[in-house]
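So the structure is just underneath, and the comments pick up after that.
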Amino acid sequence: MSAPPAAALHDNPPHASLRGVVRRYEGRQTVHALGPIDLDLAAGEFFAVVGPSGCGKSTLLDVLSGLGVPTEGSVTLEGKPVRGQVPDGVGVVFQEDSSFPWLTVHDNVAFGLRRSGLDRTEVARRVDHAVGFMGLAQFAGHYPPQLSGGMRQRVCIARTLVQQPRLILLDEPFGALDQQTRLLMGDELLRLWRDTGATVLLITHSLDEAAMLADRVGVMSARPGRFIDLVETGWQRDRDSRIVSDPAFGPLTARLWTSLRAESLKTMGRAA
């Protein structure tokens, strides 16, 4: 399935929606972590989220994925409510390396299909495609400790890709990588997005990464996190990391930082 043209994105009905979403954590002291938030993700959109540390970015991803339950409000995916479990068609990739060190690359990628009910031929086809797509074919028999950090993260992405998700949620997946590797992994992620037509939501601390990858960037406030700016990047869908040299790239990241700076100072003040 190919991705739709950028101009057509918002002509589609929302793929996922949050309405009045609030998340509080109860305990000795109640923590209001998130919201209220309203957000529509268009089908085939690449949406990035930036915000100060502790603002509820990961909480937003948990609620959208079904891993967490909102205290107030509602979450829907393809018109159906999301609450308390990850729906079919959703794939999640976390920052931590979640590959199994005792399994080969091939078996890591196949792991999630073990109980899928698919026949062996289809499982093999999907795994071979995902491993090849992420450039890991020659390492299919290797174990994660034999791979670089960037390659291990490719394994985790391939393990999500093999499920053929329609919504891919990524929580700072390249945070442990150096800047050059992050840029190249960003290229791989854009290629994955274009070739699958999936809707993507990326949580990141990197303004450059958000500006390069996304159709829209949501800037969140200090806790309780809410969106204070939604920035359309205006990039073509066939972009890659070379776009960082585009004259529009600097002003775009400057706008993101202008929106984010005061919120980050609030967070630092709380920490002090």
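The values are calculated or read from the model by the stated rules, or taken from the named source; none is laboratory data. Since we're looking at a predicted model, the values are computed, not measured. No Cβ is skipped: glycine too gets one built from the backbone with ideal geometry, and neighbour counts run over all protein chains shown. Side chains are part of the model used for accessible areas, which takes the heavy atoms of the whole protein and leaves out ligands, DNA and RNA. Shrake-Rupley method; radii C 1.70, N 1.55, O 1.52, S 1.80 Å.
Length available on full extension from D240 to R194: 0.36 nm per residue minus the Cα-Cα distance, which gives 15.4 nm. What FRET efficiency comes out for the pair L265/H32, r = Cβ-Cβ distance, R0 = 22 Å, nearest 0.05? It comes to 0.65.
By accessible area, using a 1.4 Å probe on protein heavy atoms only, the chain has 52% of its surface on carbon and sulfur.
Which far-off residues, 5 or more places away or on another chain, put their amide H under 5 Å from the one on A16, with H placed in the peptide plane? Counting only residues 5 or more places away or on other chains, the set is L41, E78.
To the nearest 10, the accessible area of L230 is 80 Å² with a 1.4 Å probe. Solvent-accessible surface of protein heavy atoms, probed at 1.4 angstrom with all chains present, puts D88, D229 in the order D88, D229, largest first. A full extension of the chain between Q179 and H205 corresponds to an added length of 8.1 nm, given 0.36 nm per residue minus the alpha carbon distance. Taking Cα atoms only, the orientation of helix 249-271 departs from the longest principal axis of the chain by about 70 degrees. Taking every protein chain into account, the 1.4 Å probe leaves K80 with about 140 Å² of accessible area, to the nearest ten. Around A210, what is the net charge, scoring Lys/Arg as +1 and Asp/Glu as -1 over all other residues with Cβ under 14 Å from its Cβ? Neighbourhood net charge equals -3. Mind pulling the angle between the C-alpha long axis of helix 120-133 and the longest principal axis of the chain? Nearest 10 degrees, somewhere in 0 to 90. Around 60 degrees separate the two axes. What whole-number value in Å² describes the accessible area per residue of the chain for a 1.4 Å probe? About 48 Å² of surface per residue is accessible.
For the chain, the longest principal axis of the alpha carbon atoms and the long axis of helix 149-161 meet at an angle near 90°. Extension gain for S148 to R114 (0.36 nm times residue separation, less C-alpha to C-alpha distance): 9.6 nm.
I need the shape label for region 46-193. Rule: rounded when a/c is under 1.5, else prolate if a/b > b/c, else oblate, with a, b, c from the alpha carbon gyration tensor. Here region 46-193 falls in the oblate category. Take the Cα of R125, step 7 Å toward its Cβ, do the same at R24, and the gap between the two points is 5.1 nm. In this calculation the C-beta distance from E72 to Q164 is compared with R0 = 35 Å, giving a FRET efficiency of 0.60.
Any idea how far the Cα center of region 116-171 sits from the one of region 90-110, in Å? Measuring centre to centre over Cα atoms gives 8 Å. Modelled label positions at A248 and I228, each set 7 Å beyond Cα in the direction of Cβ, lie 2.5 nm from each other. A cut-off under 12 angstrom between Cβ atoms defines the neighbours of H15, and their net charge, with Lys, Arg +1 and Asp, Glu -1, is -1.
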